[in-house]
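Below: the structure, in structure tokens.
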Amino acid sequence: MAQALLIAEKPSAARNMAKALGGMSGTYQGTDFEIVALRGHLYEYVEPAEQVDASLAEKYKSWDLNNLPWNPAEIQWKRKASTQSGIGEILRTLESKAKGAEEIVCAVDVDPSGEGGLLFAEPLIELSIVPRKLTRMYFTDETEASIQKAFVARKEIVGGLHNFDEYKKAVTRSKFDWLTQQFTRVATVSAAQQAVLRQGRLKSAMLLLVGEQKKAYEEYVKKPFFQNRFKDENGVVYTDPEQPQFPDAASVPQTFHASAVVVDSKTSKSTAPPRLLDLAGLSSRLSGKGVKADQVLAIVQKMYEDQVLSYPRTEDKTITTEQFNELLPLANKIAAVVGVDPAVLTHRAPRKTHVKDSGAHGANRPGPKVPASLDALTQKYGPVSKFIYEELARSFLAVLAEDYLYESQLGHVQDYPTFKGSAAVPMSLGWKQVFFEDKSGSSDDDEAENASGLGTKADPFVFEGANKRPEHPTMKWLMKQLEKRDVGTGATRTSTYAEVTKAQSAKNKYPLMSEQRGRITLTEFGEMGYRLLPGTRIGDLGMTEHVYQEMREVAAGAKTTEDVIGVVASWVTQDIQTMQRNAAAMRGELGLTQAVIQKEKAEGIWAVTREQVRFNREWSGYRFTDAEVAKLLAGEQINVTATSTKTGNPFTVHGKLGPGEFNGKPTFGFQLVGFGALDASGQELPPESWCSHKFTAAEMKKLAAGEKIFADNFVSKKGNTFAATVRFGTEDGKAGKRIIPEFGN
């Protein structure tokens, strides 16, 4: 067995380590090593009802708000291995290698949230592996030099896995977020509509931001104003902010005359290229072209696996010196693919603003394998791939172009010096020849580009203005708001956005938002969710900041995970009251006058198709027990004593789980197979009574054997007594066996 077992986060990282150290196993500077690769998170938390003692399982399954909040002390925090293909083999390999290693090395990504530490520690803890020695490799990127340096400078983790600061930090966030699924139950039940309203830190932040912005956009009332201003022959406008505003043009006094322009200053200025892109920035720029976030996620991942692009799920906005030096020799080749003239790429030294020796994977950028052309990308990955590659290629190439240079000119109207104007005269386009600037969100105070600069003479005119309409929410706008508030990472923002905007389908029955070429609107479910959020803790945009501060304190040993997650219970209690108040207003605002009683659901893996299913736990007044739910999921038939909605009388049927139809719409749940119960061998039994006649044991035996019996005390629905010969059998076109009368003359 190897002296040191390096555990990498994913296969691609393992390959980079093997390249740097001389193989997947071997000796580097006197230390025997072997490398194994995880594949992201290998474990996940089990369902709430499985996290507690059996006596509490029903409480944790129930969506009744009287069963909330959950008590974190009751939760056992059980994990199960992921059901993804290949995970079992990864775990078996890890277990066999780790148990014989003298030293286990945490060689996963280093990130501020500690997520790498969590996915490293999870399988070791679940497999009951206690490392003899535990160390950490800290590397800024996956270049050979960084990996070699990190391997030599491994730092020991004292106190074991549970004392590993990165693990403590990330598991706190993980448990906190798991507990927030209670808010989904609160929102869903409070809304009292037939929809599951998913709530979580990031989803709720998105809903609240979009809902508020959409409201401001729709409630905008234009308020025009008129004011005296000047304009010169080059179109530059001169403004005096102290000038009064009038409600109409006729009210503006005409007291000014034309005058010369005085140039007060001319200053040479420059701007550096925009910062490099993360996944959210990339997806935002492409949203205006109709490219959906889930398309970007899927295609970028494929291109990364083929080394056409760098690792996409990174938080970095800069690249390291090694990464810069690795990509620099490919610059001309990349430029040829995207149609950039290499002659403008003259800034070949690293920029301090874009190249920093910190971070992990570096910002999103082209990979080491340069495609032959954009057409070649399209043929392999589809039409969206060329847009993705061009954005990332131009973003990187802009760093190699010179600064944009311009002359800032300031001036005033000679006879009316309080009227001032400005212009930005381009001198050298620099990086603007390579990367197309994002103008959204620019201020009215920004100097407008004007190739001619200030003019020589300005004429007075009546300017018509108005209060500015709030911007319609777009993906680009939303991502900027989330970034400004430090809610989520670029990758999580993009993946969550893809989830909440995904078109309604069997897998996504209740999308919260819809997007059309980047413009966002709320769906009917999103409207409900948004109106439930005001005043709630889950809707508080400061929650993420709070959680991350608490995580840092846990990592530093100042707090425990139990301290941090303990507050969730009180937040749930508060939000139950707040959401129920909000729900009453919501139903009025949206015209949802009828509150729908939420039916309790059961869920699990249906043995027939091996798919996750969810169905009503009650059928015709009968609630399935846990054992019956298990049988239904296993594909078995069960007996049910239900209640007739017409007569209120009990009746016995047998049925099983499966697809059905109601009011012309497909459904899934308990399907009636036949009336009466089944015996231990699965044979249908006759009912104990029919038309008020209770069958004797002898009559039951005859009916079960297919024989006929006669009775003269049957009672009809109208209360009339009648005689008939009956048998227990089947009728054409009707499910199962039933009592069938045969009347004489």
Could you grab the pairs with beta carbons closer than 9 Å, sequence gap of 6+ or different chains, first residue in region 319-333 and small (Gly, Ala, Ser), second one buried (at least 16 other Cβ atoms within 10 Å of the Cβ) and part of a helix (DSSP H, G or I)?
ALA331/PHE396; ALA331/LEU397
Members of region 28-49 that are among the charged types (D, E, K, R) and closer than 26 Å to GLN182 by Cβ:
GLU44, GLU47
Evaluate region 223-241: report whether one residue or more is over 30 Å from LEU454 (Cα atoms) and either more than 46 Å from the chain's Cα centre (by Cα) or loosely packed, with under 14 Cβ neighbours inside 10 Å (or both).
yes
Can you find a residue that is within 24 Å of LYS289 (Cα to Cα), over 29 Å from the mean Cα position of the chain (by Cα) and part of a loop (DSSP other than H, G, I, E, B) anywhere in region 399-406?
no
Scan region 726-734 and tell me whether some residue there is over 59 Å from the mean Cα position of the chain (by Cα) and either over 21 Å from SER644 (Cβ atoms) or basic (Lys, Arg) (or both).
yes
I'm trying to understand the selection: among the residues of region 216-242, which are hydrophobic (A, V, I, L, M, F, W, C) and either closer than 11 Å to LYS468 by Cα or not in a strand (DSSP E or B) (or both)?
ALA216, VAL221, VAL236
So which pairs qualify, if the first residue must be in region 47-58 and in contact (Cβ under 8 Å) with a residue 40 or more places away in the chain, the second must be among the hydrophobic types (A, V, I, L, M, F, W, C) and assigned to a loop (DSSP other than H, G, I, E, B), the Cβ gap must be under 9 Å, and the two must be at least 6 apart or on different chains?
PRO48/TRP70; PRO48/ILE75
Looking at this structure, is ALA642 surrounded by 13 or more Cβ atoms within 10 Å (Cβ to Cβ), modelled with pLDDT under 90, in contact with a His (Cβ under 8 Å, 6 or more places away or on another chain) and of a type outside the set (S, T, N, Q)?
no
Checked region 147-163 for anything crowded, with 20+ Cβ neighbours inside 10 Å and either among the aliphatic types (A, V, I, L, M) or within 30 Å of PRO72 (Cα to Cα) (or both); matches are ILE147, ALA150, ILE157, LEU161
Within region 683-711, residues out of contact with any Asp or Glu (no Cβ under 9 Å at 6 or more places or on another chain), in contact (Cβ under 8 Å) with a residue 12 or more places away in the chain and either in a loop (DSSP other than H, G, I, E, B) or not assigned by TED's automatic domain parsing to the domain that holds THR609 (or both) come out as GLN683, PRO687, GLU688, CYS691, SER692, GLY706, GLU707
Filter the helices (runs of 4 or more DSSP H) completely within region 272-366 down to those with at least 3 residues that are surrounded by fewer than 21 Cβ atoms within 10 Å (Cβ to Cβ) and touching a helix residue (DSSP H, G or I) at 6+ places or on another chain (Cβ under 8 Å).
293-305, 331-338
Those residues of region 527-545 that are surrounded by 15 or more Cβ atoms within 10 Å (Cβ to Cβ) and either more than 19 Å from the chain's Cα centre (by Cα) or part of a loop (DSSP other than H, G, I, E, B) (or both) come to a total of 10
Can you tell me how many residues in region 450-507 are in a loop (DSSP other than H, G, I, E, B), in contact (Cβ under 8 Å) with a residue 24 or more places away in the chain and closer than 20 Å to VAL296 by Cβ?
5
In the set GLU126, GLU166, GLU144, which member is touching a residue at least 40 places away in the same chain (Cβ under 8 Å), buried (at least 21 other Cβ atoms within 10 Å of the Cβ) and not assigned by TED's automatic domain parsing to the domain that holds LYS356?
GLU166
Can you tell me which residue among MET513, MET579 is surrounded by 22 or more Cβ atoms within 10 Å (Cβ to Cβ) and farther than 30 Å from SER284 by Cα?
MET579
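Looking at region 79-96, which of its residues are closer than 18 Å to ALA14 by Cβ and part of a helix (DSSP H, G or I)?
Restricting attention to region 79-96, the residues satisfying the condition of being closer than 18 Å to ALA14 by Cβ are 84, 86-87, 89-96.
ILE87, GLU89, ILE90, LEU91, ARG92, THR93, LEU94, GLU95, SER96, listed by residue number.
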Residues being more than 17 Å from ARG617 (Cβ to Cβ) and touching a strand residue (DSSP E or B) at 6+ places or on another chain (Cβ under 8 Å): count how many of those fall in region 29-72.
14
Subset of region 367-408 that is surrounded by 23 or more Cβ atoms within 10 Å (Cβ to Cβ) and β-branched (Val, Ile, Thr) - its residue that is farthest from GLU144 (Cα to Cα)
ILE388
Residue list for region 554-570, filter: free of Cβ contacts under 8 Å to residues at least 40 places away in the same chain and part of a helix (DSSP H, G or I):
ASP563, VAL567
Which of the residues spanning region 243-259 are surrounded by fewer than 17 Cβ atoms within 10 Å (Cβ to Cβ), outside any helix (DSSP H, G or I) and in contact with an Asp or Glu (Cβ under 8 Å, 6 or more places away or on another chain)?
HIS257, ALA258
Restricting attention to region 712-725, does a residue exist that is without any contact (Cβ under 8 Å) to a residue 60 or more places away in the chain, of a type in the set (A, V, I, L, M, F, W, C) and within 19 Å of LEU685 (Cβ to Cβ)?
no
Conditions (1) crowded, with 19+ Cβ neighbours inside 10 Å; (2) more than 14 Å from ASN582 (Cα to Cα): number failed by GLU524
(1)
Scanning region 606-637 residue by residue, those closer than 24 Å to ASP679 by Cβ, in a strand (DSSP E or B) and free of Cβ contacts under 8 Å to residues at least 40 places away in the same chain turn out to be TYR622, ARG623
Could you tell me whether region 97-119 includes any residue that is at positive phi, in a loop (DSSP other than H, G, I, E, B) and surrounded by 16 or more Cβ atoms within 10 Å (Cβ to Cβ)?
yes
Between a residue in region 288-300 that is hydrophobic (A, V, I, L, M, F, W, C) and any residue that is modelled with pLDDT of 90 or more and not in a helix (DSSP H, G or I), which pairs come within a Cβ distance under 9 Å, given they are 6 or more apart or on different chains?
ILE299/GLY382; VAL300/LEU309; VAL300/ASN364
Name the single residue that is nearest to GLY116 (Cα to Cα) among those in region 367-377 being of a type outside the set (Ser, Thr, Tyr) and in a loop (DSSP other than H, G, I, E, B).
GLY367
Restricting attention to region 25-78, which residues are crowded, with 16+ Cβ neighbours inside 10 Å, part of a strand (DSSP E or B) and under 25 Å from the mean Cα position of the chain (by Cα)?
TYR43, TYR45
Checked GLU688, GLU742 against criteria (under 18 Å from VAL640 (Cβ atoms), touching a Ser or Thr at 6+ places or on another chain (Cβ under 9 Å) and modelled with pLDDT of 80 or more); the one match is GLU688
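The values are calculated or read from the model by the stated rules, or taken from the named source; none is laboratory data. Computed from a predicted model, the values in this text were never measured in an experiment. Note that each Cβ is placed from the backbone with ideal geometry, even for glycine, and that neighbours are counted across all protein chains shown.
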